[in-house]
Amino acid sequence: MSADTRPRLIDNFGRTRRSFWDWRGRRPFWGGLLCILAGVPIMYIPYQTMTLGDLHIRMATTAGAGSLIIGVLLVVLGLTMWFQPQSRVFAGVAAILLALVSLVVSNFGAFLIGFLLALVGGGLGVSWMPGKPLAGAPADNGGDTAGTPTGPGLVKGNDGRHRAD
């Protein structure tokens, strides 16, 4: 028996990293991440107390509850883009609309940080399309078929019916 029969830590790390890349490639990962990151300042900043010398400035207003709801919804929409990639268009459009609402409700979209992150993340979610598999590559995806598309879209056939390509 050889000393190299046990799996090495680098082999496990490389395998985990590759499976994460495969998972990330089948969904709008960056759009979801930006939407999650956008929710954090929109939720946090309206409840923050700033101190300037001896002066305490409390940001909480009656719109604080609205900011909390908008921030939580942006986090949920980002997770929806990750775990339900087939509803990415809905989640992206909803994130863009919530970003626009946060300008009015949440201290200019949490000082434009959350607004810009949600706007870009929603745009990435709407514009993301799943890639086509390579012609010579096997279609093994580890049993996860939730994010695997059946084709790039609907194509009109010769008989007038639409079919998935």
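The values are calculated or read from the model by the stated rules, or taken from the named source; none is laboratory data. None of these values were measured; they are calculated from a predicted model. Positions of Cβ are generated from backbone atoms using ideal geometry, with glycine treated the same way; all protein chains shown enter the neighbour counts. In case anyone asks, the SASA skips ligands and DNA or RNA and just uses the protein heavy atoms, side chains included. Shrake-Rupley method; radii C 1.70, N 1.55, O 1.52, S 1.80 Å.
Scanning the range 137-146 for residues that are open to solvent by less than 80 Å² (accessible area, probe 1.4 Å) and not acidic (Asp, Glu), we see that the one that is modelled with the highest pLDDT is Ala137. Beta carbons closer than 7 Å, at least 6 apart along the sequence or on distinct chains, pair a first residue in the range 22-39 that is within 12 Å of Leu77 (Cβ to Cβ) and among the small types (Gly, Ala, Ser) with a second that is part of a helix (DSSP H, G or I) and open to solvent by 20 Å² or more (accessible area, probe 1.4 Å) for Gly31/Leu124; Gly32/Leu79; Gly32/Trp82; Ala38/Leu117; Gly39/Val72; Gly39/Val75. Assess whether Val40 counts as being more than 9 Å from the chain's Cα centre (by Cα) and modelled with pLDDT of 95 or more. The answer is no for Val40.
To keep it simple, each residue is scored yes or no on (1) open to solvent by less than 30 Å² (accessible area, probe 1.4 Å); (2) touching a Lys or Arg at 6+ places or on another chain (Cβ under 9 Å).
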{"position": "Thr80", "(1), (2)": "no, yes"}
{"position": "Phe90", "(1), (2)": "no, no"}
{"position": "Ala94", "(1), (2)": "yes, no"}
{"position": "Val105", "(1), (2)": "no, no"}
{"position": "Gly122", "(1), (2)": "yes, no"}
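Among the residues of the range 108-120, those that are in a helix (DSSP H, G or I) and either open to solvent by 40 Å² or more (accessible area, probe 1.4 Å) or acidic (Asp, Glu) (or both) comprise Phe108, Phe111, Ile113, Leu116, Leu117, Leu119, Val120.
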